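To keep things clear, I will list the structure first and then write my remarks on it.
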Amino acid sequence: MSELNVSIVTPDGPVYEGKANMVIARTKAGELGILHGHVPLVAPLKIDVVRLKQESGEEWIAVNGGFMEVNGEEVNILADTAEREQDIDIDRAERAKMRAEERLQQAKEQKVDEIMAQLALQKAINRIHAKKH
Ligand code: ATP
């Protein structure tokens with residue numbers, strides 16, 4: 001099977017550079033499975049896991065929004081933050097999730113920053129999901 005060259009980059013630097021047989025990512029228009037020869041595209045991503053299918057199995061990367069560009073065999077993802085499974089601090093994500101849930105609860109009672117709390121909750125759940133798959 002022809003391989004893709006995958007790069008996942010954040011403002012802090014590269015998170016992943018390597019090959020994959022298939023990249024599965026959730027764009028704002030729905031889930032996409034990218035194989036070699038996919039039509040070129042640029043798509044905004046949701047806060048979700050990007051799955052890299054390889055001979056040896058699947059690698060899951062928690063990606064926080066950003067964009068994916070597909071061009072020939074190149075798949076480039078530029079995101080605000082991204083973490084590989086082994087780099088996710090699960091305790092930190094669990095604490096972030098609890099803080100976000102408390103803020104959401106307060107938002108219901110006092111209408112403080114509900115959208116920010118929802119985004120923080122999504123990020124934390126995504127990290128936990130990537131780590132625990
Ligand atoms: P927290 O509330 O725990 O600080 P956050 O969602 O505010 O998390 P971000 O602003 O999204 O954090 O990310 C800041 C930096 O910390 C990024 O480099 C991101 O990759 C890293 N990061 C955030 N949470 C985790 C985690 N649970 N494990 C590993 N790295 C993390």
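The values are calculated or read from the model by the stated rules, or taken from the named source; none is laboratory data. None of the values given here were measured: they were computed from a predicted structure. Note that each Cβ is placed from the backbone with ideal geometry, even for glycine, and that neighbours are counted across all protein chains shown. The protein model used for the area step is the full one, side chains on, heavy atoms only, and it has no ligands, DNA or RNA in it. Shrake-Rupley method; radii C 1.70, N 1.55, O 1.52, S 1.80 Å.
Tabulated data
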| item | result |
| --- | --- |
| Lys123 open to solvent by 60 Å² or more (accessible area, probe 1.4 Å), within 12 Å of the ligand (Cβ to nearest atom) and not in a loop (DSSP other than H, G, I, E, B) | yes |
| Matching strands (runs of 3 or more DSSP E) fully within segment 1-102 where at least 3 residues are open to solvent by 60 Å² or more (accessible area, probe 1.4 Å) | 13-20, 67-71 |
| Conditions (1) in contact with a Gly (Cβ under 7 Å, 6 or more places away or on another chain); (2) more than 8 Å from the ligand (Cβ to nearest atom); number of the one not met by Met68 | (1) |
